[in-house]
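Accompanying notes for the structure given below.
The values are calculated or read from the model by the stated rules, or taken from the named source; none is laboratory data. If you're wondering where the values come from, they're calculated on a predicted model, not measured in any experiment. Quick reminder, even Gly has a Cβ in these numbers, built from the backbone with ideal geometry, and neighbours come from all protein chains shown. Only protein heavy atoms, including side chains, enter the accessible area calculation; ligands, DNA and RNA are left aside. Shrake-Rupley method; radii C 1.70, N 1.55, O 1.52, S 1.80 Å.
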Amino acid sequence: MPIISFPASGLELQADLDDNLLKVLRRHKVPIHYSCKQGECGSCKCVLERGEVLMQDYKDTALPETQRAQGVILACCSRIKGDVQLRLVDSDDYIVHPERHLVTEVIGLRELAPEVFGLRLKIRYVDRDGEPFIFSAGQYAQLSVGTADGSFIARDFSMASTPVDAEYDDELEFHIRRTPTGAFSGLLGRGIEVGGTIFVDGPMGSSHFRPRHEGPLYAVSAGTGLAPMLSIVKTALHNGKLDRVTLYAGFKSAGEVYGREDLAALAREFRNFRAHIVVESGAGAQDRVGRVGDALLADVTDFSEAKIYLAGSPAMVEAVSAAMLERGLPPGDVHADAFYAPKPARTAAATVCSAPMDVATGQVPSRHGI
């Protein structure tokens, strides 16, 4: 059986030929970043120091050719072909929570804006002998609902609630946009109603709040990307962060705006917090006009010592991430979660990756589906 080794820690794992590398690492609770699990986000990068893997079905934006040439691979797209030696990409304050299985009851379903719903769940069952469900602000989970034919529909959504809500009140909240073609979101208010059952698996994702960071915090969202940014901002402020905390919430039109009351309440309670609502068209008198990333870049010229958290459309996340790196912010200080639609199965050319010279790499935007 192939051996996966990590010389830095002395860890050795057994695997089967053609095993998916990320699944093996997750099975053994190896603390690797991951998010999309389908080759789009680039979160699960690691360095192949020896041996080779077969890597296929990934986006070039997730793993540029220059990084592939230096031995960087994506664990989620790699099949094991023999013994390999790996090095994990370092990350500042990366926290690993075990994935849990929950059974929840829908206790709230309210329309936050046209076709945007706040889904509130009460945890009725949790595995691991009932240990509290713990996650880091900014992470997401997979929600599954049963259908009439006995199958399940599952999608990934970020927690809008804070870790305290889950640990002490057994409650989770998600913000979900209902779309005509959304297999899961289309059931909101129809198949998914108060009193119904939803299964939750998680937490997942590496774009989470770093509690030890000292310096300004900027949270930038587009649409329902506001959900994880609210969780991060609330957690930071309630944890006693004294540095400047600023949230930029972007929307395409005034009719899509939600969360004003929450943001206003936080601004009244915490003097170091400020929120900007940025609307592309039809902005109200109290809102800013334009794109949310442009508003951030217009306000801030010095990002030294800052951390940036991003969530929303891939276009926004990728554009702002690139701008941050151009301005000299280290990759490890940009934590991003782009919302990609579920990807249908497709066949792509495979790449055999062999270990070249040693290299250090940074983190790029991650994702979850809708």
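All of (1) open to solvent by less than 70 Å² (accessible area, probe 1.4 Å); (2) modelled with pLDDT under 90; (3) part of a loop (DSSP other than H, G, I, E, B); (4) in contact with a helix residue (DSSP H, G or I) (Cβ under 9 Å, 6 or more places away or on another chain) hold for Arg367 with one exception: (3).
Considering only region 249-284, state which residues are closer than 16 Å to Glu111 by Cα, in a helix (DSSP H, G or I) and open to solvent by less than 60 Å² (accessible area, probe 1.4 Å). Result: Ala254, Gly255, Glu256.
The residues of region 1-30 that are under 20 Å from Asp156 (Cβ atoms) and of a type outside the set (D, E, K, R), listed by number, are Asn20, Leu22, Leu25.
In region 42-66, how many residues are over 25 Å from the mean Cα position of the chain (by Cα) and part of a strand (DSSP E or B)? Qualifying residue count, region 42-66: 5.
Every test in (1) over 27 Å from Val257 (Cβ atoms); (2) at pLDDT below 95; (3) polar (S, T, N, Q) is passed by Gln139 save one, and that test is (1).
So which of Ala160, Ala154 is aliphatic (A, V, I, L, M) and out of contact with any helix residue (DSSP H, G or I) (no Cβ under 6 Å at 6 or more places or on another chain)?
Numbers: Ala160 fails: out of contact with any helix residue (DSSP H, G or I) (no Cβ under 6 Å at 6 or more places or on another chain).
Within the list Ala160, Ala154, the selection yields Ala154.
Reported count of residues in region 21-43, each being open to solvent by 20 Å² or more (accessible area, probe 1.4 Å) and modelled with pLDDT of 90 or more, is 1. Among the residues of region 1-15, which ones are open to solvent by 80 Å² or more (accessible area, probe 1.4 Å) and either farther than 27 Å from Val334 by Cα or at pLDDT 90 or above (or both)? Passing the criteria: Met1, Glu12, Gln14.
The test for being in contact (Cβ under 8 Å) with a residue 40 or more places away in the chain and open to solvent by 20 Å² or more (accessible area, probe 1.4 Å) holds for Val89. Count of region 191-238 residues, restricted to those that are more than 24 Å from Pro331 (Cβ to Cβ), open to solvent by less than 30 Å² (accessible area, probe 1.4 Å) and assigned to a loop (DSSP other than H, G, I, E, B), is 1. Residues that are among the small types (Gly, Ala, Ser) and under 15 Å from the mean Cα position of the chain (by Cα) were ranked within region 127-186; the one that is surrounded by the most Cβ atoms within 10 Å (Cβ to Cβ) is Ser158.
Looking at region 156-182 only, could you name the residues that are farther than 27 Å from Ala236 by Cα and either free of Cβ contacts under 8 Å to residues at least 24 places away in the same chain or part of a strand (DSSP E or B) (or both)? Selection gives Pro180, Thr181.
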